[in-house]
Amino acid sequence: MAREQTLVIIKPDGLSKSLTGNVLSRLSETRLEIAAAKIVRVTRELAEEHYRALREKPFFDELIRYIMGEFHDRKKVMTLVYVGEDAIRLVRTIAGATNPEQADPVSIRGAYGRITTYGVYENVIHASESVAEAEREIKLWFAPDDIIFDLYPTKNVQAVGTQRIWA
Ligand code: DAT
Ligand code: MG
């Protein structure tokens with residue numbers, strides 16, 4: 001077993017149903033360490049990049065609208081990086097199967113997910129599937145300085161243009 005990192009997203013249905021605490025409690029059973037966390041308003045660009053492997057699927061457009069929060073009153077997600085031995089498998093196991101109706105009822109998706117009448121699996125959380133996908137996703141959602149460990153190589157670039165700071 002190797003030390004790994006994995007990306008978790010608590011999706012808009014999870015936030016809308018006030019499940020954040022429950023989900024984090026379930027994930028703490030893994031004994032993995034949280035290395036980064038933030039609340040994000042998801043743009044279409046970010047959503048489409050995150051799910052780019054699924055762009056040919058018939059449910060792609062609904063999936064993008066779902067992760068952007070267009071079906072919920074909470075147009076945001078919570079994104080976290082978990083680090084530790086066997087992190088990818090441990091989180092996927094507690095998350096449960098993709099289809100919430102087929103997921104173990106004790107898993108997060110089995111307990112809290114649903115299939116909506118518009119056909120999307122509202123399955124509460126995202127969890128990276130592989131080491132390569134975890135790297136791609138963590139780099140997409142987080143900047144190096146958002147994460148307490150140096151998970152991947154970095155480089156320094158000279159900042160250009162203007163930057164917004166506290167007034
Ligand atoms: P997972 O999230 O378990 O890695 P995935 O990567 O195949 O599953 O799909 C990403 C998301 O897309 C999934 O969490 C819910 C949605 N989805 C997948 N298959 C679907 C289907 N057949 N119908 C509706 N939504 C689906
Ligand atoms: Mg996936």
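The values are calculated or read from the model by the stated rules, or taken from the named source; none is laboratory data. Computed from a predicted structure; not experimentally measured. Virtual Cβ from ideal backbone geometry, glycine too; neighbours counted across all protein chains shown. For the accessible areas, the whole protein counts, side chains as well, though only heavy atoms, and no ligand, DNA or RNA atoms are used. Shrake-Rupley method; radii C 1.70, N 1.55, O 1.52, S 1.80 Å.
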Checklist entry - Of the residues that make up region 99-109, is at least one part of a helix (DSSP H, G or I), among the aliphatic types (A, V, I, L, M) and within 15 Å of ligand 1 (Cβ to nearest atom)? => result yes
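Okay, residues lined up against (1) more than 14 Å from the chain's Cα centre (by Cα); (2) away from ligand 2 (no atom under 15 Å from the Cβ); (3) not small (Gly, Ala, Ser); (4) not in a loop (DSSP other than H, G, I, E, B):
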position: Ile9; (1), (2), (3), (4): no, no, yes, yes
position: Ala37; (1), (2), (3), (4): no, yes, no, yes
position: Glu45; (1), (2), (3), (4): yes, yes, yes, yes
position: Asp61; (1), (2), (3), (4): yes, yes, yes, yes
Item to check | Looking only at region 116-138, and only at residues there that are surrounded by 14 or more Cβ atoms within 10 Å (Cβ to Cβ) and either among the aromatic types (Phe, Trp, Tyr) or in contact with a Phe, Trp or Tyr (Cβ under 8 Å, 6 or more places away or on another chain) (or both), the one that is farthest from Ser18 (Cα to Cα) | outcome: Glu135
Next on the checklist: Which residue is surrounded by the most Cβ atoms within 10 Å (Cβ to Cβ), if the candidates are limited to region 1-53 and must be hydroxyl-bearing (Ser, Thr, Tyr) and under 21 Å from Thr93 (Cβ atoms)?
Outcome noted: Thr6
Checklist entry - Of the residues that sit in region 96-114 and are without any contact (Cβ under 8 Å) to a residue 60 or more places away in the chain and of a type in the set (A, V, I, L, M), which one is least open to solvent (accessible area, probe 1.4 Å)? => result Ala103
